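The values are calculated or read from the model by the stated rules, or taken from the named source; none is laboratory data. Small disclaimer: the values here were computed from a predicted structure and weren't measured. Cβ sites come from the backbone with ideal geometry, for glycine too, and all protein chains shown count toward neighbours. Accessible surface areas use protein heavy atoms only, side chains included; no ligands, DNA or RNA. Shrake-Rupley method; radii C 1.70, N 1.55, O 1.52, S 1.80 Å.
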Amino acid sequence: MPQKVQRVKGVNDILPQEARQWQALEHIVKQVMDRYAFGEIRPPIFEKTELFARGVGEDTDIVSKEMYSFSDMSKSSLTLRPELTAGVVRSYIQNNLQQISPVQKLWYEGPMFRQERPQKGRYRQFWQFGAEAIGSPNPEQDAEMIALFYTILKELGIESSVTLKINSVGDGESRALYRSSLQEYLRPHLSLLSETSQKRFESNPLRILDSKAPSDKELVRDAPKIRECLNKASATHYAEVLKMLEAMDIPYIQDDLLVRGLDYYTHTIFEFTSDALGAQDAICGGGRYNDLVSELGGQDVPAIGWASGIERLLLVVDALQPLKADSGLDLFLIVQGEDLRVKAPKLIHEWRRAGLRCDMDTLRRSMKAQMREANRQEASYVAILGEDEFGQGIVQLKNFKTGEQEAVSFENVASYLRSHGS
Ligand code: ATP
Ligand code: MG
């Protein structure tokens, strides 16, 4: 026997029953994005590797060790997108979206690819939905972005078990000031830092703040706070964001150690975490990236965005407040008599065209087996069709719950079910 082919490590099959949950979530996301006036964008799944190297940053975990890169026939290096901010910004620049309006509010959903160690809530192909607002430098844009995700959490009914952590890394001037004050603080203890942090000491010392190594954590606890190094403009921006969140009743905690993994952030950064998850507790992360558009060759345009992991979000939703996904059929057609098997498709075709969710057996199974199938598919009604019924142009409609039965003509089935609330 030929060997079975297994799926690649760290990727998932989303089977129909689970896909119902996904669809329910996607429905909420689309509706909320619509209410906040974000338009959907669908960039390609792969891009030139250079885009991520420049856009995400050579020194990040993503670019330094997680990318799925390959070369195509023309020998250009391409990469399966590990995230979508860089792709959205590339698309914004290439399509001159700023000409359509000075603020572009875009959202997306789709699979991302990162070669990391698979575990619960961490996969090699995973899905994100996210939003980017490109064009406004002002704090009200930050507040709107955060409110957008918070509203999705509210619609899912899980907002009270999710924590919003927020911090500001300020503008370039503030960050440079903080960088040297952090280095000054750490320098005497350099040999105590983990190997990774020692490497980052020169290239990206801020990342040492979110190191998981116990010795680093210990040291970092008493490190100077970035908040204390913000210049006036950065401090004002941050204070205004917090004020607007308070006015909207969006709870937050300030996390001085929050820096996030990507290089491109400026000013506000944030993360939503849930304690319903284990170690992989972040369900959404984002922040302002005022320099990215110009660094990728566009004009000097400020922006802010976030991305949320769908698998992780669904793990939280499942644990706390499972989504109601109505999976049952309206009707299952049960055919009695071999001659009617070829008549059945036209009948059910008409009902489907009339908007009913219905199914029938195509294995020519017994009446009993058809009943079992109707039950398995949670049909509200069964329509029983025998020779007599066919002759009269009717079916026996039986309510699966109450057992009540009534003869209804073929063309009245849809309206009957509608008025009886299947
Ligand atoms: P983490 O700290 O868990 O590695 P991250 O900072 O790498 O997350 P982002 O790049 O900000 O994550 O991506 C946004 C969101 O995408 C995360 O908050 C998480 O919900 C989800 N996510 C990231 N990586 C994965 C993955 N490998 N598998 C599943 N979901 C992921
Ligand atoms: Mg990561």
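Hydrodynamic analysis of the stretch 165-229 uses the Kirkwood radius over alpha carbon pairs. Inserted into Stokes-Einstein at 37 °C and 0.692 mPa s, it gives a translational diffusion coefficient of 276 µm²/s. Note: relative contact order over the chain, using C-alpha pairs below 8 Å and six or more positions apart, is 15 percent.
First check a/c for the stretch 212-331, with a ≥ b ≥ c the square roots of the eigenvalues of its C-alpha gyration tensor; if it is under 1.5, answer rounded, and if not, answer prolate when a/b is larger than b/c or oblate otherwise. Note, shape of the stretch 212-331 comes out prolate. Pairs K65/K199; K4/K65; K105/K165; K368/K398; K9/K120; K30/K120: which are spaced more than 21 Å apart, C-alpha to C-alpha? As for pairs spanning more than 21 Å Cα to Cα, those are K4/K65; K105/K165; K30/K120. For the chain, the carbon plus sulfur part of the accessible surface works out to 49%, probe radius 1.4 Å. Each of N204, V335, L417 was scored by the projection of its Cα onto the charge dipole of the chain, and the greatest displacement toward the positive side belongs to V335; charges sit on the C-beta of Lys, Arg, Asp and Glu. The listed peptides 155-162, 141-148, ordered by packing as a protection proxy, come out as 141-148, 155-162 (highest mean of other Cβ atoms within 10 Å first).
Return, ordered by residue number, the residues of the stretch 32-62 whose backbone nitrogen is under 16 Å from a label point located 7 Å along Cα→Cβ of M248. Residues 32-39 fall inside that zone.
Each 5 Å bin from zero holds the following percent of Cα-Cα pairs in the stretch 89-157: 3, 12, 17, 17, 18, 16, 11, 4, 1. For the listed peptides 315-321, 340-346, 100-106, a ranking on the average number of other beta carbons within 10 Å per residue, highest first, reads 315-321, 100-106, 340-346. For D256 and Q299 in one chain, what is 0.36 nm times their gap in residues minus the Cα-Cα distance, to one decimal in nm? Gain in length upon complete extension: 12.3 nm. About its Cα centre, the dipole of the chain is roughly 1000 debye, where the only charges are +1 on Lys and Arg Cβ and -1 on Asp and Glu Cβ. For the pair K120 and E350, the difference between a 0.36 nm per residue extended length and the Cα-Cα distance amounts to 78.3 nm. For the chain, the equivalent ellipsoid derived from the alpha-carbon gyration tensor has semi-axes of 53, 23, 21 Å in decreasing order.
Percentage of Cα-Cα pair distances in the stretch 1-154 greater than 18 Å, rounded to whole percent? Every Cα pair in the stretch 1-154 considered, those over 18 Å come to 67 percent. What the Cβ-Cβ distance of Q183 and Q6 gives, at R0 = 51 Å and to the nearest 0.05, is a FRET efficiency of 0.60. Once the gyration tensor of the Cα atoms in the stretch 331-419 is diagonalised, the equivalent ellipsoid follows with semi-axes of 17, 16, 13 Å, ordered largest first. A crude spin-label estimate for the pair D61 and R42, with each label 7 Å from Cα along the Cβ direction, gives 3.1 nm.
Per residue, the stretch 331-419 exposes an accessible area of 58 Å² to a 1.4 Å probe, with every protein chain left in place.
Length gained on full extension, D222 to A239, computed as 0.36 nm times the residue gap minus the Cα-Cα distance: 3.8 nm. Between S366 and K212, what's the calculated FRET efficiency when r is the beta-carbon distance and R0 is 60 Å? Round to 0.05. Computed FRET efficiency for S366 and K212 comes out at 0.50. Look at the dipole of the chain built from charges on Cβ: of A247, A133, I384, the Cα furthest out on the positive end belongs to I384. Highest mean packing first, where packing is the average number of other Cβ atoms within 10 Å per residue, the peptides 109-117, 299-307, 38-46 line up as 299-307, 109-117, 38-46.
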